[in-house]
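These notes are about the structure you will find just below.
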Amino acid sequence: MRADATFAVKAFVPTELKPEPAVSTGLPVGVATMEKQYDGEAAGRSATLFTAAFDQTTGVGTYVAMESFEGSLHGREGAFNFVHSATTSGSDRTAEFFTIVPSSGTGELAGITGAGGMAVDADGTHRIWFEYELG
């Protein structure tokens, strides 16, 4: 099955967490927490641990995010984890990775497996989709 939705970031909070030992690279690594709200066939909220090596000036970098979603897919209630990452040169998304964490589903989403993806429209609308099975 496929569930499509839009989402909005409700909070993005950088943390003081720094990798140890400190290693100097061309792009510093940062860590933040995020809260998102989802609307559509996937409806609910998520809490995210977000890490990135990113240059704000050029828009170049890579992120990795572990997200915990709580809500519904096609009306089935529950929660699950998913992980996603991508690289950008400032105007694109490449090297994308997106998977639902096995054995993380609860409630009516217990046994969920699958993958998905994300996209940002020209007008700034953030889209997400889950291609999943329940077993």
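What tally of residues in segment 111-135 results from selecting those that are over 12 Å from L73 (Cα atoms) and free of Cβ contacts under 8 Å to residues at least 60 places away in the same chain?
Number satisfying all stated conditions: 14.
Among the listed residues G40, G107, G26, G61, which satisfies the condition of being within 15 Å of L134 (Cα to Cα), of a type outside the set (A, V, I, L, M) and either open to solvent by 60 Å² or more (accessible area, probe 1.4 Å) or at pLDDT 95 or above (or both)? Quick ask: steps written out before the conclusion?
Values: G40 fails: within 15 Å of L134 (Cα to Cα); G26 fails: within 15 Å of L134 (Cα to Cα); G61 fails: within 15 Å of L134 (Cα to Cα).
Of the residues listed, the single one that is within 15 Å of L134 (Cα to Cα), of a type outside the set (A, V, I, L, M) and either open to solvent by 60 Å² or more (accessible area, probe 1.4 Å) or at pLDDT 95 or above (or both) is G107.
For E96, which of the numbered conditions (1) out of contact with any Asp or Glu (no Cβ under 9 Å at 6 or more places or on another chain); (2) under 17 Å from G116 (Cα atoms); (3) open to solvent by less than 80 Å² (accessible area, probe 1.4 Å) fails to hold?
Only one criterion is unmet by E96, namely (3).
In this structure, is E67 open to solvent by less than 70 Å² (accessible area, probe 1.4 Å), acidic (D, E) and part of a strand (DSSP E or B)?
Judged against the criteria, E67 is a match.
Restricting the search to segment 1-23, which residues are farther than 19 Å from G114 by Cα, open to solvent by 60 Å² or more (accessible area, probe 1.4 Å) and touching a residue at least 40 places away in the same chain (Cβ under 8 Å)?
Once the filter is applied, which keeps residues that are farther than 19 Å from G114 by Cα, open to solvent by 60 Å² or more (accessible area, probe 1.4 Å) and touching a residue at least 40 places away in the same chain (Cβ under 8 Å), segment 1-23 yields only V9.
Evaluate the following for E133: is it open to solvent by 20 Å² or more (accessible area, probe 1.4 Å), under 15 Å from G40 (Cα atoms) and assigned to a strand (DSSP E or B)? Walk me through how you get there before you give the answer.
Working: open to solvent by 20 Å² or more (accessible area, probe 1.4 Å): yes; under 15 Å from G40 (Cα atoms): no; assigned to a strand (DSSP E or B): yes.
No; evaluated as a whole, the condition is false for this residue.
Looking at segment 100-110, which of the residues that are of a type outside the set (D, E) and under 17 Å from G75 (Cα atoms) is nearest to the chain's Cα centre (by Cα)?
The qualifying residue nearest to the chain's Cα centre (by Cα) is G105.
Is there a residue being over 14 Å from the mean Cα position of the chain (by Cα), surrounded by fewer than 16 Cβ atoms within 10 Å (Cβ to Cβ) and on the phi > 0 side of the Ramachandran plot anywhere in segment 79-92?
Yes, that holds for at least one residue.
The values are calculated or read from the model by the stated rules, or taken from the named source; none is laboratory data. The model shown is predicted, which means the values in this text are computed figures rather than measured ones. Note that we place each Cβ from the backbone using ideal geometry, even for glycine, and neighbour counts take in every protein chain shown. Ligands, DNA and RNA are stripped out before the accessible areas are found, and what is left, the full protein with its side chains, is counted by its heavy atoms. Shrake-Rupley method; radii C 1.70, N 1.55, O 1.52, S 1.80 Å.
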